[in-house]
1. Per residue, what accessible area does the chain have, given a 1.4 Å probe and all protein chains present, in Å²?
2. Treat the chain as a sphere of radius equal to its Kirkwood radius over Cα pairs and apply Stokes-Einstein at 20 °C in a medium of 1.002 mPa s; give the translational diffusion coefficient in µm²/s, rounded to a whole number.
3. I need the calculated FRET efficiency for the pair residue 28 and residue 53, taking r as the beta carbon distance and R₀ as 25 Å, to the nearest 0.05.
4. Are there trypsin sites (Lys or Arg not before Pro) in the range 1-69 that DSSP puts in a loop and that have at most 10 other Cβ atoms within 10 Å, and which ones?
5. Could you work out which residue, out of 54, 16, 34, moves most in a Gaussian network model of the chain, that is, has the largest mean-square fluctuation with Cα springs under 10 Å?
6. Of the heavy-atom accessible surface of the chain (probe 1.4 angstrom), what whole percent is carbon and sulfur?
Amino acid sequence: MTENTQNIAAEQLRSIIERVETFESEKADITEDIKQVFAEAKGNGFDTKTIKKIIALRKLDDAERQEADAMLDSYKAALGLE
């Protein structure tokens, strides 16, 4: 590797690391913002566990959601929770 090639590789590596560090910092900030929203919800009397479940369900498409509901119903029935 020539010195010029090494310099370019070092700069690329530095750029990658700095971008990841920036994203990690932004992720920490967003995580804190999410915690604050959940604290607000809890302070207003909402159940945060249920909110988190709703958020997870909204990430699923209709078919995935129906499958998850059917599986839950099946497990509940098997355990006599119906």
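The values are calculated or read from the model by the stated rules, or taken from the named source; none is laboratory data. Please read all numbers here as calculations on a predicted model, not as lab measurements. All Cβ positions, glycine included, derive from the backbone under ideal geometry; neighbour counts span all protein chains shown. All accessible areas refer to the heavy atoms of the entire protein, side chains included, with ligands and DNA or RNA removed. Shrake-Rupley method; radii C 1.70, N 1.55, O 1.52, S 1.80 Å.
1. Working: 7450 Å² over 82 residues.
Per residue, the chain has an accessible area of 91 Å².
2. On the way: Rh = 17.4 Å.
The Stokes-Einstein estimate is 123 µm²/s.
3. On the way: r = 25 Å, r/R0 = 0.98.
Once rounded, the FRET efficiency stands at 0.50.
4. Working: sites: 14, 19, 27, 35, 42, 49, 52, 53, 58, 59, 65; in loops: 59.
Hits after loop and neighbour filter: 59.
5. With Cα springs under 10 Å in the chain, the top fluctuation among 54, 16, 34 is at 16.
6. Looking at the chain in its full context, I get 56 percent from C and S.
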